[in-house]
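Asker: Structure below; questions to follow.
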Ligand code: IFM
């Protein structure tokens, strides 16, 4: 007989978005340009040639979007603040209209009993700062700290839970090593430098936040997938451990242990001196946090190549893949949460993103039937519940995403629709999908049927 798998009392159930992916209004009310404006306006960078100029027009339609959150029954909302809306040049004069937008949004959320979980940086670096060196220039640590302080002062009376940086591992790796995200740089040494500066900027924002808002809670949000060796061989096990180090320990060891993983720079074949680590940096990065946010989508198998190099296999630990070709393996979610807890201790964790893309359409009956997403969510949420039963301190869960939106280098391709709510990008009409209704049931019973 099936039974309800219950979540802890007070569990946070939310949805997530980010500024560039939904707001639009890219040049309204004094907003400055970001690296994503330049990148998406450059021909050949985005698969469907689109950009975030209008996106979901959330900048104008936020009251409707808040009403949808309320209809879904969510009690939290994760969004990001666009740095170039607040500081069009990245530093210097403040654009009050930008701050007003987020003040209204936060007030609207609170009126509806939905807790705001803002992220300070979800990849939209002000272009002027990029032109001054951006994440490669160590001065960004202060630029980011100053920006954070402005936001803390404006919203700190109504916001308790702050995330500094979304997926520091993705924005550095995809933007500076692979070059498929803004700003499109491909250079290993530059990439590692940006990692160090992103981590320092995170530490600086938390330091300033603690001074200004002693009652607030601070965290960071890396993307973490489970990684397994393709076989039991020692070489494959070593390859899997190296993949964990490259994708995850590189970021979390400095934060939670105050040191980079041993041998990581040699493994990257770069001289440690080029990273620019100064005395005291690791203490700044190692500032205590109140929670760890994680985003989780898929898991991978890794093996040692012929020369011992790390290779991701085509085979997946799960039995299927989603529309973007990502492995679906719900058990990996629990394994990842347990692995993190084992390595860094039992710390409060928020799952800040989880979800799956699918080419959803409006059916002839006017509804959006997305059984694939519902099945994915059912299995992943069950897996998270098992992790909690196994002792992981998960406090909340946010689905990526509230709305179908601009999926970075994929643009608005149908196969990259992640929303619980379908968006017709021509008319901006929103339609709650079946998976959205399914999520409401889970929230309503604070649990999921086994
Ligand atoms: O859309 C992104 C989001 O911006 C960061 N995490 C992964 C999502 C899906 O790719």
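Asker: In whole angstrom, note down how far apart the Cα centers of segment 1-51 and segment 339-391 are.
Answerer: Rounded to whole Å, the Cα centres lie 17 Å apart.
Asker: Sort 241, 309, 71, 33 by Cβ crowding within 10 Å, fewest neighbours at the top.
Answerer: 309, 71, 241, 33
Asker: Please arrange 404, 177 by how many other C-beta atoms lie within 10 Å of their C-beta, fewest to most.
Answerer: Going from sparsest to densest Cβ surroundings: 177, 404.
Asker: Sort 408, 62 by Cβ crowding within 10 Å, fewest neighbours at the top.
Answerer: Ordered from fewest to most neighbouring Cβ atoms within 10 Å, 408, 62 come out as 62, 408.
Asker: Further question on the same structure: Just how far, in whole angstrom, is segment 232-306 from segment 420-450 if you go by their alpha carbon centroids?
Answerer: Between the Cα centre of segment 420-450 and that of segment 232-306, the gap is 36 Å.
Each value in this text was obtained by applying a stated rule to the coordinates, not by laboratory testing. Note that this is a predicted model, so its numbers are computed, not measured. Cβ sites come from the backbone with ideal geometry, for glycine too, and all protein chains shown count toward neighbours.
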